[in-house]
Amino acid sequence: MDKSIQRGTLEMTAAMLICGTIGWLVLISGQPVLDVVFWRCVFGAVTLLAACALLGLLRPGVLSLASFGLALLSGVAIVGNWVLLFASYSRASISIGTAVYNTQPFMLVLLAALFLGEKLSARKLGWLALSFVGMLAIVSAHGGAGQGSDYLGGILLALGAAFLYALAALIIKRLQGVPPHLIALIQVCTGVLLLAPWTNLSTLPQQPSAWASLATLGIIHTGLMYILLYGAIQKLPTTLTGALSFIYPVSAILVDWVVFGHRLGLVQWLGVAAILLAAAGMQRGWGLPKVRWAWR
């Protein structure tokens, strides 16, 4: 294996494993969702600011005013995505929230078709239909064991998070040539400014464990994860990047099971499998084999 691809594979794997533990840290922090996202942005901004300074990305002329505006807009979508996704964990579960969140590739395809004029092939529509069937399977399991207090609400929040992520990705498509670390820095700084008025700054967390969770979310799960992720994307072919991205939902489901004891029912497992299979098929361009009939 090429050394660059080997290094990129290790970086992508590490980034996805880090992502898989986000839900665990969110829940054990014991803080309101808005506070969690705010402090994630604060610690993430400090980390990414240092990284951008070391990479020489803070010099004038790196991005235009229009690009800066688009990066700010993507930051609004990304921060909203975090708020909705984190809120879904306590209502459904980390496993279900993460699985439903992985419908975002299909939302990106639909948005690209609506706003960028990209064509929807029969193959993409087929995978979209399979993902929808998986969603129905998960929703139909309402009332099963291991679910949160507002199962259907959690699913809707995860869907909203997926939509906002797809919207952010659509905006970032227009930021070609802008260093991704700088985009991430602008996004988390946007989060700090947006959430500061809504964060409970008068009563800060008292437990050292809460601060440890929040700092880890910002430094490791935002700053370091972005650096690993963007480094991997630059080294790996798109197909391998898409394949390795499924480490994230699998690891999140395992963490939810080991730490919180949330076990999925058979119908939920089938729904999760359908969504992940559809997302893999979409990203890797899989299709049904063509059947050729031989006529005598």
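I'm checking my understanding of the structure. Among residues of segment 22-46 that are in contact with a Ser or Thr (Cβ under 7 Å, 6 or more places away or on another chain) and of a type in the set (V, I, T), which one is nearest to G218 (Cα to Cα)? That would be V36. Just one of the listed residues (L201, L194) is more than 16 Å from M16 (Cβ to Cβ), hydrophobic (A, V, I, L, M, F, W, C) and not in a helix (DSSP H, G or I), namely L201.
The test for being out of contact with any strand residue (DSSP E or B) (no Cβ under 6 Å at 6 or more places or on another chain) and free of Cβ contacts under 8 Å to residues at least 40 places away in the same chain does not hold for G134.
All of (1) at pLDDT below 95; (2) closer than 22 Å to T21 by Cβ hold for I219 with one exception: (1). Of everything in segment 155-182 that is in a helix (DSSP H, G or I) and over 16 Å from the mean Cα position of the chain (by Cα), the residue that is modelled with the highest pLDDT is L182. Restricting the first member to segment 77-100 and to residues that are within 12 Å of D150 (Cβ to Cβ) and among the acidic types (D, E), and the second to residues that are at pLDDT below 95 and outside any helix (DSSP H, G or I), no beta-carbon pair is closer than 6 Å while six or more apart or on different chains.
Of the set (1) assigned to a loop (DSSP other than H, G, I, E, B); (2) of a type outside the set (V, I, T); (3) under 23 Å from Y89 (Cα atoms), all apply to W286 but (3).
Given the residues V83, V109, V62, V36, which is the only one that is more than 18 Å from I155 (Cα to Cα) and at pLDDT 95 or above? Explain how you work it out, then say what you get.
On the way: V83 fails: more than 18 Å from I155 (Cα to Cα); V109 fails: at pLDDT 95 or above; V62 fails: at pLDDT 95 or above.
Testing whether each residue is more than 18 Å from I155 (Cα to Cα) and at pLDDT 95 or above leaves just V36.
Scan (1) at pLDDT 90 or above; (2) farther than 21 Å from T190 by Cα; (3) surrounded by fewer than 19 Cβ atoms within 10 Å (Cβ to Cβ); (4) among the aliphatic types (A, V, I, L, M) for the single condition V46 breaks and write down its number. V46 satisfies all of (1) at pLDDT 90 or above; (2) farther than 21 Å from T190 by Cα; (3) surrounded by fewer than 19 Cβ atoms within 10 Å (Cβ to Cβ); (4) among the aliphatic types (A, V, I, L, M) except (2). Scanning segment 92-130 for residues that are in a loop (DSSP other than H, G, I, E, B), over 13 Å from the mean Cα position of the chain (by Cα) and either aliphatic (A, V, I, L, M) or within 16 Å of R284 (Cα to Cα) (or both) gives A92, L116, L120, S121. Every test in (1) modelled with pLDDT of 95 or more; (2) more than 16 Å from the chain's Cα centre (by Cα) is passed by T9 save one, and that test is (1).
The numbered conditions (1) more than 22 Å from P105 (Cβ to Cβ); (2) touching a residue at least 60 places away in the same chain (Cβ under 8 Å) are all true for G177 except (2).
Which one of these is surrounded by fewer than 17 Cβ atoms within 10 Å (Cβ to Cβ) and either closer than 25 Å to R91 by Cβ or over 14 Å from the mean Cα position of the chain (by Cα) (or both): L224, L194, L240, L217? It would help to see each step written out before you state the result.
Numbers: L224 fails: surrounded by fewer than 17 Cβ atoms within 10 Å (Cβ to Cβ); L194 fails: surrounded by fewer than 17 Cβ atoms within 10 Å (Cβ to Cβ); L217 fails: surrounded by fewer than 17 Cβ atoms within 10 Å (Cβ to Cβ).
Criteria check complete, one pass: L240.
Filtering segment 1-35 to residues that are surrounded by 16 or more Cβ atoms within 10 Å (Cβ to Cβ) and free of Cβ contacts under 8 Å to residues at least 12 places away in the same chain leaves nothing. The residues of segment 49-97 that are in contact with a Ser or Thr (Cβ under 7 Å, 6 or more places away or on another chain), buried (at least 24 other Cβ atoms within 10 Å of the Cβ) and within 19 Å of I28 (Cβ to Cβ) amount to a single one, G97.
The values are calculated or read from the model by the stated rules, or taken from the named source; none is laboratory data. Just so you know, these numbers come straight off a predicted model, no measurement behind them. Please note: Cβ atoms are built from the backbone with ideal geometry, for glycine as well, and neighbour counts cover all protein chains shown.
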